[in-house]
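**Student:** Got a structure here, written out as structure tokens. Questions coming.
Values quoted throughout were computed directly from the atomic coordinates according to the rules given, and no laboratory measurement underlies them. Everything numeric here is computed off the predicted structure, so don't read it as measured data. Glycine also receives a Cβ, built like all others from the backbone with ideal geometry; neighbour counts cover every protein chain displayed.
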Amino acid sequence: MKDRTGKILNSSEIFQKIINRIKTICIEFWLMVLRFIGFVPIHFFRKIFYLVSGIDMPWNSTIHIGANFFKPSNIKIGHDTIIGDHCFLDGRAKLTIGNHVGIASQVLIYNDEHNIHSSNYENSFGPVEIGDYVFIGPRVIILPDIKIGKGAVVAAGAVVTKNIPDFEIWGGVPAKKIGDRENKKLNYKLGRPMLFQ
């Protein structure tokens, strides 16, 4: 038997590949369960499954309906944070979301990308860190190895490929600075999430 690069495998390597494949299938099955659970319109019910899956989040934060995940055990969410409907949160590397963060609908946060110039098309992982009081508009895409500073704002539809400093407003594809947030003494709470969302 050969692996995908053509290397001939011995019996112990074959056995390890079988074990790894079974583990992968179990993980993929659980991610499918989480996807189905993500459409139950009761925050409390979904949150129990998210916590059991390893997402580190307090009870006063919410993930709205239809969320999808990779490796939830690497995801940490702060207090009073609301994540909009149909978001994708990638935990293949560490994903940290701060306190009082508003993430709008259909935001995609990735911690992994492929090296398209590599002969093996290997993965390249990088953590994503989102600071406190950040607002991320609808349909934003955040790529791996990104830090978004405290109080920053990302405009709708932006593709974030570079770090964003504190209190700056970024937008566009690729995202670049388009302004500054005037209020630098942020102290608000997002309030309760919408019911049945």
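**Student:** Residues with beta-carbon under 15 Å from that of Lys17, excluding Lys17: net charge, scoring Lys, Arg +1 and Asp, Glu -1?
**Tutor:** Details: positive: Lys2, Arg4, Lys7, Arg21, Lys23; negative: Asp3, Glu13.
It works out to a net charge of +3.
**Student:** Going by alpha carbons, how many degrees (0 to 90, nearest 10) lie between the helix axis of 43-52 and the longest principal axis of the chain?
**Tutor:** 40
**Student:** What list of ³J(HN,Hα) values in whole Hz, one per residue of segment 167-172 in order, does the Karplus curve 6.51 cos²θ - 1.76 cosθ + 1.60 (θ = phi - 60°) give from phi, with Gly and Pro shown as x?
**Tutor:** Each residue's phi maps through the Karplus curve to give 6, 8, 10, 10, x, x Hz.
**Student:** Rank-order 153-166, 33-46 by packing density, defined as the average count of other C-beta atoms within 10 Å over each peptide's residues, highest first. The partial results should precede the final answer.
**Tutor:** Numbers: 153-166: 18.1, 33-46: 14.0.
With the highest mean Cβ count within 10 Å placed first, the list reads 153-166, 33-46.
**Student:** Give me the net charge of Ile75's neighbourhood, meaning all other residues with Cβ under 11 Å from the Cβ of Ile75; Lys, Arg count +1, Asp, Glu -1. Display every interim value, and only then the final one.
**Tutor:** Details: positive: Lys71, Lys76, Arg92, Lys94; negative: Asp56, Asp90.
Net charge in that neighbourhood comes out at +2.
**Student:** Helix 11-37 versus the longest principal axis of the chain: what is the Cα-based angle in degrees, 0 to 90, to the nearest 10?
**Tutor:** 30
**Student:** Which of the lysines could be linked to Lys47 by a straight reach, that is with a Cα gap under 18 Å, when you skip same-chain ones fewer than 8 residues away?
**Tutor:** Cα-Cα hits under 18 Å: Lys71, Lys76.
**Student:** Is the C-alpha gyration tensor of the chain telling us rounded, prolate or oblate? Criteria: a/c under 1.5 is rounded; beyond that, a/b larger than b/c is prolate, otherwise oblate. Could the numbers behind the result be given before it?
**Tutor:** Values: a/c = 2.68, a/b = 1.48, b/c = 1.81.
Oblate is the answer for the chain, as a/c is 1.5 or above yet b/c matches or exceeds a/b.
**Student:** Sticking with this one: Antiparallel versus total DSSP beta bridges in segment 43-173: what percent is that, nearest 5? Walk me through the intermediate numbers first.
**Tutor:** Values: 3 of 33 bridges.
Around 10 percent antiparallel, to the nearest 5.
**Student:** Would you mind checking the pairs Lys2/Lys23; Lys94/Lys185; Lys23/Lys147; Lys147/Lys176 and listing those with alpha carbons more than 25 angstrom apart?
**Tutor:** In this structure, Lys94/Lys185; Lys23/Lys147 exceed 25 Å between Cα atoms.
**Student:** Based on the alpha-carbon gyration tensor of segment 71-159 and its eigenvalue square roots a ≥ b ≥ c, which shape applies: rounded if a/c is under 1.5, prolate if not and a/b is larger than b/c, or oblate?
**Tutor:** Details: a/c = 2.06, a/b = 1.68, b/c = 1.22.
In terms of gyration-tensor shape, prolate.
**Student:** Hey, another quick one. With springs only between Cα atoms under 10 Å apart, run a GNM on the chain and tell me which of His100, His117, His86 wobbles the most.
**Tutor:** Among His100, His117, His86, the largest GNM mean-square fluctuation belongs to His117.
**Student:** Have a look at Ile141, Ile103, Ile178 and tell me which one the Gaussian network model of the chain (Cα, springs below 10 Å) gives the largest fluctuation.
**Tutor:** Ile178
**Student:** Next up: For segment 132-181, what does the alpha-carbon gyration tensor say about shape, rounded, prolate or oblate, given a ≥ b ≥ c as the root eigenvalues, a/c under 1.5 as rounded, and a/b over b/c as prolate?
**Tutor:** Numbers: a/c = 1.42, a/b = 1.21, b/c = 1.17.
In terms of gyration-tensor shape, rounded.
**Student:** With loop defined by DSSP as not H, G, I, E or B, and exposure as at most 11 other Cβ atoms within 10 Å, which is the longest segment of the chain clear of exposed GluC sites (Glu not before Pro)?
**Tutor:** Details: sites that count: Glu122, Glu182.
Between the exposed loop sites, the longest stretch runs 1-121.
**Student:** Using a cut-off of 15 Å between beta-carbons, work out the net charge of the residues near Pro144 (Lys and Arg +1, Asp and Glu -1, Pro144 not included).
**Tutor:** On the way: positive: Lys71, Arg92, Lys94, Lys147, Lys162; negative: Asp90, Asp112, Glu113, Glu122, Glu129, Asp145.
That sum, taken over residues with Cβ under 15 Å, equals -1.
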